[in-house]
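Colleague: I have a structure here, written as structure tokens, and I will follow up with some questions on it.
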Amino acid sequence: LSVDVGPDRRLAADIRRLREASEANIEILSEHAHLPIGQREPVAHRPEVAELIAATGSFVLTGDPGCGKTGAVAALAEEISRRQDLLVLAVDGLGGSAGATRLELGLSHDLEEVIKGWTGRGTGTLVLDGIDAARGEATAWLRRLCLSLNGTRWRVIASVRQFELRHSSEWQRVFVGDPIASDTMRVDPELTGVRHYLLGPFSDADLAQLASQSADVAGLLSDAQPALLDLLRVP
């Protein structure tokens, strides 16, 4: 007896639209990994992404503003797309409600219904970049969407500023669990009950990698005083 685990046929057009939106979003978010320095823009290849790729289940990527969360999310999404069904959405491009988001994405059905109807044999991943961009009712419905996927094949990976995550008990409950990092430097001691990963500024190795790609970066780093070097560690 064969079992059909493919997507609900009546949702086929909506799933196709979401695939197209996801591909476009990955391309847009990937620009955040490029540093606009000189004619040849160096690309930040964060080694932390390898640990994020190995992580299972839902989790949230957090850190200070400008630490490179979006670039890391884009790199993570590109790798995940080679392995499983993937939907990447930038929260600042979504509507303030389920209905508004349906219209914004050009769907015939609500996003929750489409994702749940997007069935398959393996894990699916919903990536939400910048959940701190949601405000008011938008925050509530987005949290409901994430929680509604519990028990389905879909997991959620989100990014959010560290300050907002620390002060949002609601989002902490959505991502309740143990931190995913093996290195304590990648764990926020105020979020030990949250399944998260703390992304820091560029390390010496990161800066060296960027310098190897660009003579402009190499020259800038070679002349940088300690105060300027600290500033350059923030992507």
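Colleague: Using θ = phi - 60° and the Karplus form 6.51 cos²θ - 1.76 cosθ + 1.60, what ³J(HN,Hα) does each residue of segment 121-133 get, whole Hz, x for Gly and Pro?
Modeller: 8, x, 5, x, 10, 9, 9, 10, 8, x, 5, 6, 6
Colleague: How much of the accessible area of segment 64-203, in percent, comes from carbon and sulfur atoms when a 1.4 Å probe is used?
Modeller: 47 percent
Colleague: If you average the C-alpha positions of segment 122-170 and of segment 14-56 separately, how far apart do those two centres end up, in angstrom?
Modeller: Going from one Cα centre to the other spans 19 Å.
Colleague: Something else now. For the chain, what proportion of DSSP beta bridges, expressed in % and rounded to the nearest 5, is antiparallel?
Modeller: That works out to approximately 10 percent antiparallel.
Colleague: D64's amide H: which non-local residues (gap 5+, or another chain) put their own amide H closer than 5 Å, with H modeled 1.01 Å from N in plane and none for Pro or chain starts?
Modeller: Q162
Colleague: Taking a quarter of the surface of the convex hull around the Cα atoms of the chain, what do you get in nm²?
Modeller: Average projection, Cα convex hull of the chain: 14.3 nm².
Colleague: Let me ask another. Name the helices (complete DSSP H segments) of the chain with a Cα length along the long axis of 24 Å or more and a Kyte-Doolittle mean of at least -0.5, or state none.
Modeller: Membrane-span-like by this rule: 12-30.
Colleague: Hey, what's the Kirkwood Rh for segment 159-220 if you take every pair of different alpha carbons, in angstrom?
Modeller: So the Kirkwood estimate lands at 13.5 Å.
Colleague: If you count only protein heavy atoms with a 1.4 Å probe, what accessible area per residue comes out for the chain, rounded to a whole Å²?
Modeller: For the chain, the per-residue accessible area is 51 Å².
The values are calculated or read from the model by the stated rules, or taken from the named source; none is laboratory data. It should be emphasised that the depicted structure is a prediction, and the values quoted were computed from it without experimental measurement. With ligands, DNA and RNA removed, areas are computed over all heavy atoms of the protein, side chains included. Shrake-Rupley method; radii C 1.70, N 1.55, O 1.52, S 1.80 Å.
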